[in-house]
Amino acid sequence: MLFSSLTFLTLFLPLFLAVYYLIPARSVRLKNISLLVFSLFFYAIGEPVWVSLLIISGLWAYVIGRLITRCKKKWQAKALLILSLCSNIGMLCIFKYSAFLLGIFGIEATFTVSLPIGISFYTFQAMSYMVDLYKGIVKEHHDPIRFMTYISMFPQIGAGPIVRYVDIRDRLAERKVTLAGFSEGVTRFAAGLGKKIIFANHAGKVAAALLGVSPDAMTTAGIWLGAIMFMFQIYFDFSGYSDMAIGIGKMIGFDFKENFDHPYTAKSITDFWRRWHISLSAWFRDYVYLPLSSSLVKRKWKMGPIYITTTLVVWFLTGLWHGASINYILWGIYFCIVLIIERFVLRGVLSKIPVIVARCYSLLIVLIGWLIFYYTDLTALTAAGATLFGLAGSLTNHNTNSLFFANLWILPVFALFCTKIPSALFQRLIKRIPAVEPVYNAALLCVSFALLIGQSFSPFLYFRF
């Protein structure tokens, strides 16, 4: 089940909120139980078999966590931590990378294992809990209901943001739901739904029509326009889901951290990755980059080699996290190279050039990166790359011209909504005229519903990761 499905919007969410609010505010445990039950049901609708994997993963993390805190010797706790990390990584390898890994060794997989929805997210949450518990950042969780609620919470289980236990442990034990918080949550949810239905779905159709053609039918103008539309699609799609997740969280008393901060206004690629999928970047920083850097410092490595090595490891893993395909690894290495160049060559240059030039540079690098991300077929990727720079294919054709002129007015609208300007204007407006907010929410939800009924359904891109 997806947030942008009619089943979720008309049945699941209203029923969940009704049950949740009928439970007295002081009965936090009952609220957790209701959230857990609805979360497992939400997951089971999409994954009737693999919901068992989610439950096993959560209970395994809970049991190992309790054992770690009971170890009297550090080596025992460390052994349990390694066991838990290996089990989670092993689970990812089996369900996400088995066919890919076998292919590397020239072995053709005679079986297919479906990818459980959200496995990359809940395994990362379980691993972060284990590491934080081992380091003493969090304390052992005695209540299995509360812990399983954290692991399986439906607002963010499918496509993030990656929520750490340390960030919501207090809310799991005690939380309040206010009318102001609920209203803010509805506004955030409506904005996210609008991003998905109104913007992302349209951009996705245009991108598919231009990028999904055979190499012989590719045109330079078509690849540029298709890549730009894919940039818009993946941003509005993923940030829209995050907005909806954060909005539902606010409706029920949780404050999930922001996952996007207008990344297409970044002045460098370093800045871009501080703004895009913030929870994933922070996870790799805290659990891979910093521990690896610290280890290399102890071995008396110099800072330059340390940065290059840790950046390469992090971005190889980041690319692999997104999918079991060579193009995702190439995408990760591509950004790794750019970040290294920025660190050692362009740092001073980017701080001195005009802001508009820095932003254009950042957007160009990101656009090429999304093109690598889009094509899982390397032959198609090579053809698209050559066509993008005018080394193959024609300049344009009738199909490209038609799509360009049909979307000419939409492009600046999409670009505007990638900035802070619309939200800043909206906030100023509702401060002056508070009645605008419910009218805005109602109008946006109505438009989204109308478009959702009339268009073919498209899933969130990040659900396949």
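Give me a comma-separated list of calculated 3J(HN,Hα) values for segment 287-293, in order, Karplus coefficients 6.51, -1.76, 1.60 applied at θ = phi - 60°, integers in Hz, x for any Gly or Pro.
10, 10, 4, 5, x, 5, 4
Over the alpha-carbon set of segment 48-101, work out the extent along each principal axis and list the three values in angstrom, largest first.
40, 26, 6
How much net charge surrounds Pro291 when only the other residues with a Cβ under 15 Å from the Cβ of Pro291 are counted, with Lys and Arg +1 and Asp and Glu -1? If you can, show how the numbers build up before the last one.
Values: positive: Lys78, Lys135, Arg285, Lys298, Arg299; negative: Asp132, Asp286.
Here the charged neighbours net out to +3.
Seen from all sides and averaged, what is the projected area of the convex hull of the Cα atoms in the chain, in nm²?
Here the figure is 25.1 nm², rounded to one decimal.
Before rounding to the nearest 500, sum -39500 (n - 2.57) across all DSSP H runs of length at least 4 in the chain and divide by the residue total; then give [θ] at 222 nm in deg cm²/dmol.
-21500 deg cm²/dmol
Would you kindly compute the Cα radius of gyration of segment 264-338 and its largest Cα-Cα separation (Dmax), both in Å?
Answer for segment 264-338, Rg first and Dmax second: 12.8, 39 Å.
With an 8 Å cut-off on Cα pairs and a minimum separation of 6 or more residues, tell me the relative contact order of the chain in percent. Please list the in-between numbers first.
On the way: 558 pairs, mean separation 86.0, N = 465.
Result for the chain is 18 percent.
Rank Ser325, Pro438, Asn407 by how far each Cα sits towards the positive end of the charge dipole of the chain (+1 on Lys, Arg Cβ; -1 on Asp, Glu Cβ) and give me just the farthest.
Value computed over the given set: Pro438.
Compute the distribution of all C-alpha to C-alpha distances in segment 26-175, in bins of 10 Å from 0, and list the percent of pairs in each, rounded to whole numbers.
11, 38, 32, 15, 3, 0
If you put +1 on each Lys and Arg Cβ and -1 on each Asp and Glu Cβ, how big is the dipole of the chain around its Cα centre, in Debye rounded to 20?
Rounded to the nearest 20 debye, it is 1880 debye.
Work out from phi, with θ = phi - 60° and the Karplus expression 6.51 cos²θ - 1.76 cosθ + 1.60, the ³J(HN,Hα) of each residue of segment 321-330, listed in order in whole Hz, and give x for Gly and Pro.
In residue order, the calculated couplings are 4, 6, x, 8, 7, 4, 5, 5, 5, 4 Hz.
Taking a ≥ b ≥ c as the square roots of the eigenvalues of the Cα gyration tensor of segment 169-322, is the shape rounded (a/c under 1.5), prolate (a/b larger than b/c) or oblate?
Working: a/c = 2.90, a/b = 1.03, b/c = 2.81.
In terms of gyration-tensor shape, oblate.
Taking the Cα centroid of segment 433-447 and of segment 127-201, what is the distance between the two, rounded to the nearest whole Å?
If we compute the Cα centre of each part, the gap is 26 Å.
Give the calculated FRET efficiency between Arg347 and Leu59 to the nearest 0.05, with a Förster radius of 51 Å applied to their Cβ-Cβ distance. Write out the running numbers ahead of the final one.
Working: r = 47 Å, r/R0 = 0.92.
After rounding, the FRET efficiency stands at 0.60.
Could you tell me which residue out of Met91, Tyr129, Leu13 lies farthest along the dipole of the chain toward its positive end? Charges go on the beta carbon: Lys and Arg +1, Asp and Glu -1, centred on the Cα centre.
Farthest towards the positive pole: Tyr129.
Computed from the coordinates by the stated procedures, all read-outs in this text should not be read as laboratory data. All figures in this text were calculated on a predicted structure; none of them were measured in a lab. So basically every Cβ, Gly included, is an ideal-geometry build from the backbone, and we count neighbours across all protein chains shown.
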